[in-house]
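Undergrad: After the structure tokens below, expect a handful of questions from me.
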Amino acid sequence: MSASPDTQDAAGIEKVVIIGSGPAGWTAAIYAARANLNPVSIIGVPASNPAPVLPGGQLMLTTEVENYPGFPDGVTGPEMMERFQKQAERFGTRIISDDVVKCDFSSRPFTLHLAEGGTVRAHSVIIATGATANWIGLPNELRLAQCGGGVSACAVCDGALPIFRNQPLAVVGGGDTAMEEASYLTKFASKVYVIHRRDSFRASKTMQERILKAPNAEVLWNKAVVDVTGQDRIEAVVLEDTVTKARSTLAVKGLFIAIGHSPATRFLAGSGVELDASGYVHLKARNSFTNVDGVFAAGDVADSVYRQAVSAAGMGCQAAIDAERWLAAHGVH
């Protein structure tokens, strides 16, 4: 939808535009709306990557969220994002269902180019597009991830759920993220198998030692997951030896994919916003300021460490407050 003229300034420029619709984006919208900034949220459209990428972010693929404060009985990821959106809309946030494909931050007001051909101009912008988990791309892996069948890309988010406790679990990966995920799961699982397609880890020596010394962890070297079995819940993974090509089956009740994340920053190419070596938005300090004056970032798009809904929401709050103060300092009320 287009922004209504009465919520823009005389030149049709929005005070603040939020790109993204996960915990960071919706929290920023709530705070900005309550500050009378009349925000516009550009929430994106469904895509695949290879798993579905939906407005609402990674929580749209999460069945049970038990570690977000205020939900003592847990809540599904989609329900949580629906509540966030309704709260943002209650205070007047306007929504555009489109993708931003290019940003012109070379002069103010900024110009955001949309996939369907339109443009939005803004005095300030909050980038909250998040990051997507890297998946193997197997049909059954993605199907079971979407239906809550025991395949996940976040052990810290899901590993403590009752369905995984005292069960054999598998982690795919060989970097620090995989070691962290596997180490966390050893607290709950009867056995944790770390599946790695090479004969050595990329992870730091310290992180490796935690797994190699864990009594209920076992590393399966030179193995790749080529299929996931189970109808409603995962029953096993099919492994292929990367050297001999021999196949075997490993019975597990949970599969955690830990082969990294990709920040959703491709649309920032040529915008001047500084990214780090991994493509995440680089923040200048412990706030939401990017290197471009008037452009802020929040959530997983700027956080490769914590990647939690609650930390993303906190960053969204920061970004809205930073934007409000920046706008006031520049005479935009």
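Undergrad: If you add up the charges near Ile234, with Lys and Arg at +1 and Asp and Glu at -1, over every other residue whose beta carbon is less than 14 angstrom from its beta carbon, what do you get?
TA: -2
Undergrad: What is the local net charge at Arg210, summed over the other residues whose Cβ is closer than 11 Å to its Cβ (Lys, Arg +1; Asp, Glu -1)?
TA: Combined, the nearby Lys, Arg, Asp and Glu give -1.
Undergrad: I would also like to ask the following. How high is the FRET efficiency between Asp241 and Ser190 when r is their beta carbon distance and R₀ equals 22 Å, given to the nearest 0.05?
TA: For Asp241 and Ser190, the calculated efficiency is 0.35.
Undergrad: Considering the options Gln208, Phe188, Ala145, tell which one lies farthest towards the positive end of the dipole of region 135-257, charges being +1 on Lys and Arg and -1 on Asp and Glu at the Cβ, about the Cα centre.
TA: Ranked along the dipole, the leading option is Gln208.
Undergrad: May I ask you to derive the FRET efficiency for Thr111 and Thr76 from their Cβ-Cβ distance with R0 = 51 Å, giving the value to the nearest 0.05?
TA: Efficiency, from the Cβ-Cβ distance: 0.85.
Undergrad: All other residues with a Cβ under 13 Å from the Cβ of Arg266 taken together, and with Lys, Arg as +1 and Asp, Glu as -1, what is their net charge?
TA: 0
Undergrad: What Kirkwood hydrodynamic radius do you get for region 73-216 when you take the inverse of the mean 1/r over all pairs of distinct Cα atoms, in Å?
TA: Kirkwood radius, region 73-216: 18.9 Å.
Undergrad: For the chain, give the magnitude of the charge dipole about the Cα centre (Cβ charges: +1 Lys/Arg, -1 Asp/Glu; no others), in debye to the nearest 20.
TA: The calculation lands at about 540 debye.
Undergrad: Taking 0.36 nm per residue of sequence separation and subtracting the Cα-Cα distance, how much length would be gained by fully extending the chain between His282 and Val101, in nm to one decimal?
TA: The span from His282 to Val101 would gain 63.2 nm if fully extended.
Undergrad: Moving to a separate point now. Return the whole-Å distance between the Cα centroid of region 163-232 and the Cα centroid of region 80-145.
TA: 33 Å
Undergrad: Then there's this: What number results when the radius of gyration of region 119-185, computed over Cα atoms, is divided by 2.2 N^0.38 Å?
TA: That ratio works out to 1.50.
Undergrad: Which value, in debye to the nearest 20, gives the size of the charge dipole of region 129-214 about its Cα centre, when Lys and Arg are +1 and Asp and Glu are -1 at the Cβ?
TA: Roughly 200 debye, rounded to the nearest 20.
Undergrad: Considering every pair of different Cα atoms, what Kirkwood radius, in Å, is found for region 135-257?
TA: The answer is 14.1 Å.
Undergrad: What spacing in nm lies between the two simple spin-label points modelled at Arg83 and Asp227, each 7 Å away from Cα in the Cβ direction?
TA: 4.1 nm
Undergrad: Further question: Let me have the relative contact order for region 135-257, percent, based on Cα pairs under 8 Å that are six or more residues apart.
TA: In percent, rounded to a whole number, it is 30.
Read-outs: derived from the displayed coordinates by stated rules, not from any lab. Keep in mind that this is a model prediction, so the values were computed, not measured. Backbone-built Cβ (ideal geometry, glycine too); neighbour counts: all protein chains shown.
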